[in-house]
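The values are calculated or read from the model by the stated rules, or taken from the named source; none is laboratory data. The shown structure was predicted, so the numbers you read here are calculated from the model rather than taken from an experiment. Cβ: placed from backbone, ideal geometry, glycine included. Neighbour counts: every protein chain shown.
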Amino acid sequence: MTDTPTRRTPVAESQRQHPDDAFTFDEVRLAARNHAMPLEALRYPLTPAGLHYLLIHYDIPDLDAAAWRLEIDGAVERRLTLSLEDLKRRPAVTAPVTLECAGNGRALYVPHPVSQPWITEGIGTAAWTGAPLAPILDEAGIAPAAIEVLFTGADLGVEGGEVQHYARALPRVEALLPGVLLAYAMNGEPIPPQHGFPVRLLVPGWYGMTHVKWLRRITALAQPYTGYQNAHVYRMRTREDDPGTPVTRMVPRSLMEPPGIPDFATRDRVVAPGDCELRGRAWSGWGPITRVEVSTDGGQHWHPAALGDALADYAWRPWTYLWHAEPGSHDLCSRATDATGRAQSMLAPWNLGGYMNNSVQHLVVVVAAEQTASA
């Protein structure tokens, strides 16, 4: 294993360059069970449900929509029990929201943390429909003493040696924001089983682990939640004995839709010479994207991209850049900056869980001497 944590070089060469940092059978099985969004799907403003990235911690629960109930309890004046029909009778909101896995880019670290081996494609944007959470907590009479809100899913498994339902807590102020939804539809259809049917939590701007699927209980807490998913994972740390800081909102990131055509095994790209429109999308959980820059020489020189309009505040923003492709090998990159001034890193620092790796994407392409590939 490599002694010094670092980052893999361009994706097309990553595995070939680091045979001493091989992926285990368990990681391959995780990669087969979960799935990434193919980067060519960046062409869609809304990701089709079957192409949206997917991470399932345990098993997909077998839930009956008619029998499903959501319990609201804890530090509240009155407990509530809601059916799916109860939620659907409430005023509905539809919001296009970009979701990214907190571990997106994990496989690019050296040594890579052992878990779901995302490269760059743990991403997707869908139009989610549901009932805002804040009015429901107001109806339950959330107590002034409540400082966090715990969301528990129906999925059951073992992690860190503990048998547990997947559960995550949010600070009260975050849970009461108007964009937080109890979502029951994805792109105008009932949420598919793998994405949290019949109801999941939606917290715009936060990494994917926050959006608890197969939701069954909401509990107002007067004390900080110390369960596994908050206290032991999804924390930025570099040592096992470091308590770390929690992973929260998505940091700025830009991805490019791969131009040209791919080699089957390596995914190396072949592009025809001449004018080539490079396209991609950028997002941040901290504020709107205000700038995207493109490099065609591995980050030595940067050029401004043209920005399109995002579908909503927490949906990715499209960008384009016209590149005159000349014969040879080129390392294409893009980087994003948001309205708060947060900017994408050329090299994100290594961490124990492999989280929040927003290192600049590298797409190595070969421009053919003749027009043998479609740009």
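Miscellaneous remarks
- Residues that are β-branched (Val, Ile, Thr) and either in a loop (DSSP other than H, G, I, E, B) or buried (at least 16 other Cβ atoms within 10 Å of the Cβ) (or both), drawn from region 73-92: Val76
- Residue in region 103-112 that is assigned to a strand (DSSP E or B), on the phi < 0 side of the Ramachandran plot and either modelled with pLDDT of 95 or more or surrounded by fewer than 17 Cβ atoms within 10 Å (Cβ to Cβ) (or both) present: no
- Taking region 332-361 as the range and being in contact with a helix residue (DSSP H, G or I) (Cβ under 8 Å, 6 or more places away or on another chain), surrounded by 24 or more Cβ atoms within 10 Å (Cβ to Cβ) and under 18 Å from Pro262 (Cβ atoms) as the test, no residue passes.
- On inspection, Ala220 qualifies as at pLDDT 95 or above and not aromatic (Phe, Trp, Tyr).
- Single match in Arg200, Arg239, Arg269, Arg281 (criterion: more than 29 Å from Ala140 (Cβ to Cβ), of a type in the set (Lys, Arg) and under 19 Å from the mean Cα position of the chain (by Cα)): Arg281
- Qualifying residue in region 322-339 (condition: among the small types (Gly, Ala, Ser), out of contact with any Leu (no Cβ under 8 Å at 6 or more places or on another chain), part of a loop (DSSP other than H, G, I, E, B) and under 24 Å from Thr245 (Cα atoms)): yes
- Test result for Arg281, touching a Lys or Arg at 6+ places or on another chain (Cβ under 8 Å) and either in contact (Cβ under 8 Å) with a residue 24 or more places away in the chain or not aliphatic (A, V, I, L, M) (or both): yes
- Here the condition is being within 18 Å of the chain's Cα centre (by Cα), surrounded by fewer than 20 Cβ atoms within 10 Å (Cβ to Cβ), touching a residue at least 24 places away in the same chain (Cβ under 8 Å) and outside any loop (DSSP other than H, G, I, E, B); of Gln164, Gln194, it holds for Gln194 alone.
- Considering region 133-153, and only residues there that are over 21 Å from the mean Cα position of the chain (by Cα) and assigned to a strand (DSSP E or B), the residue that is surrounded by the most Cβ atoms within 10 Å (Cβ to Cβ) turns out to be Val149.
- When restricted to residues that are buried (at least 20 other Cβ atoms within 10 Å of the Cβ), in contact with an Asp or Glu (Cβ under 9 Å, 6 or more places away or on another chain) and outside any strand (DSSP E or B), region 284-321 contains 4.
- Being touching a strand residue (DSSP E or B) at 6+ places or on another chain (Cβ under 8 Å), within 28 Å of Ala127 (Cβ to Cβ) and in a loop (DSSP other than H, G, I, E, B) is a condition met by no residue of region 276-283.
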